[in-house]
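The values are calculated or read from the model by the stated rules, or taken from the named source; none is laboratory data. No experiment lies behind these values; they were computed from the predicted model shown. As a convention, Cβ positions derive from the backbone with ideal geometry for all residues, glycine included, and neighbour counts pool all protein chains shown.
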Amino acid sequence: MRILVLHSDIGENPPPEEIDTITSSNAVAGALRNNGHTVSLAAFSPDPDRLQAILEAHKPDIVFNMVEGIDGLGALAPVAPRMLDEAGIIFTGIDAVGMAVTTDKPLTKRRMREAGIPTADWCEGPEWKGLKDDKTYIVKSTLEDASVGLDDGCVCLGKDVIARAELSAKRFGGKWFAEEFVDGREYNISMMDGLDGEPFVFPLAEMRFDGWPSDKPRIVGYDAKWVELDVNDLMVRDFTTEQKDPVLAAKIRKACIGTWKLFPFVVITVLARLQTIPEQLYEAARIDGAGAFARFWDITLPQIRSVLFLILLLRGIWDFKEFDLIYLLTGGGPINATQTLSQAFPALKGRAKFVLTLRVERLNILSLT
């Protein structure tokens, strides 16, 4: 098979996270060659003619998409799958809509919360609704990844959030938001589509901060990822959660699978309906003096109500069909932590009465970086 590994086009003196894209692309190409494929590499171009020329020169059967940004901006990464899709090319990874939504951290968190997947509270400018002065937050870029702007100062009290966000925007550009900081255990979890069509969760990697200085927040910041520092030797990646804390591991896996299945079905369905709402309705509402909330309540919500009902119905049906996946992953264990209704109610064999006790335990997904 002819495979083209398409990566970001980095400029002169690139930052370490962009150099890592090239390093990773070369590693992917090497692994594919070792498996007998004919592999070439090329830098992505957002110019349609240039991209077409690249595709015609390499004539790939499939493109391995490693584009993580354009001109150093991760927010523009969805342009690559969009252009490949328009060119009729088969490519790896998520499509443009799913990437655009999951690149936007607050939007992703809203979709997770709507789907019942726990995630830490957050607030956004310019209103910063819900911001509490005495709570601790972590200020993050809305659209950029690679832990850009995450240093010791990004963890601050609510009273300092706005100043920190303004400083970060001035230094790095773009929008910033504040997420409630949970000083707990941090995990880096990778997933991929399995051969059976179900998501495969790789072993859970916990970032342990053994001997970490007390004056430093326990986060995997920019320097921890990209700068060689002595303090980084104190941060250890641990893969023993499944053995030491199987209940927590089962809950994390369940939440990961729920998140995987949430995108991009709900997003694409709602977005498709939103794009059919006539702009004239919003223009008329603005002329009549309707604010943003009024336009949402009186125009957007009624227009998407039927789609939301369909999504809730389908999600409900699918949730009740999750017996096989959960059973294969955990068997209902450990200690019935992931038991489903179909496991909880075996044949009663003539019993007239039974008592049902449900225990619900909450798992917080700490952050999106």
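Some values worked out for this structure:
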| item | result |
| --- | --- |
| Some residue of the range 7-20 being touching a His at 6+ places or on another chain (Cβ under 8 Å), polar (S, T, N, Q) and not in a strand (DSSP E or B) | no |
| Helices (runs of 4 or more DSSP H) (entirely within the range 288-344) containing at least 1 residues that are modelled with pLDDT of 80 or more, under 17 Å from R111 (Cβ atoms) and more than 25 Å from the chain's Cα centre (by Cα) | 301-319 |
| Any hit, the range 131-140, residues being acidic (D, E) and either within 18 Å of K170 (Cα to Cα) or outside any loop (DSSP other than H, G, I, E, B) (or both) | no |
| Checklist (1) at pLDDT 90 or above; (2) surrounded by 16 or more Cβ atoms within 10 Å (Cβ to Cβ) applied to I90, failing item | (2) |
| Hey, D245 free of Cβ contacts under 8 Å to residues at least 12 places away in the same chain and surrounded by 15 or more Cβ atoms within 10 Å (Cβ to Cβ) or not | yes |
| Residue in the range 188-198 that is in contact with a strand residue (DSSP E or B) (Cβ under 6 Å, 6 or more places away or on another chain), without any contact (Cβ under 8 Å) to a residue 12 or more places away in the chain and closer than 27 Å to T142 by Cβ present | yes |
| Of all residues in the range 225-241 being at pLDDT 90 or above, surrounded by fewer than 16 Cβ atoms within 10 Å (Cβ to Cβ) and not in a strand (DSSP E or B), the one that is nearest to the chain's Cα centre (by Cα) | F239 |
| Residue tally, condition among the small types (G, A, S), at pLDDT below 85, outside any helix (DSSP H, G or I) and on the phi < 0 side of the Ramachandran plot, over the range 93-120 | 1 |
| One residue from E166, E114 being more than 22 Å from T102 (Cα to Cα) and either surrounded by fewer than 15 Cβ atoms within 10 Å (Cβ to Cβ) or not assigned by TED's automatic domain parsing to the domain that holds G316 (or both) | E166 |
| Residues located in the range 21-53, provided they are among the polar types (S, T, N, Q) and either touching a His at 6+ places or on another chain (Cβ under 8 Å) or loosely packed, with under 15 Cβ neighbours inside 10 Å (or both) | T21, T23, S24, S25, N26, N34, N35, T38, S40, Q52 |
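Results for (1) of a type in the set (D, E, K, R); (2) more than 21 Å from the chain's Cα centre (by Cα); (3) not in a loop (DSSP other than H, G, I, E, B), shown as yes or no for each residue.
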residue: A178; (1), (2), (3): no, no, yes
residue: V182; (1), (2), (3): no, no, no
residue: L195; (1), (2), (3): no, yes, no
residue: F200; (1), (2), (3): no, no, yes
residue: E206; (1), (2), (3): yes, no, yes
residue: W212; (1), (2), (3): no, yes, no
residue: D215; (1), (2), (3): yes, yes, no
residue: I219; (1), (2), (3): no, no, no
residue: D223; (1), (2), (3): yes, yes, yes
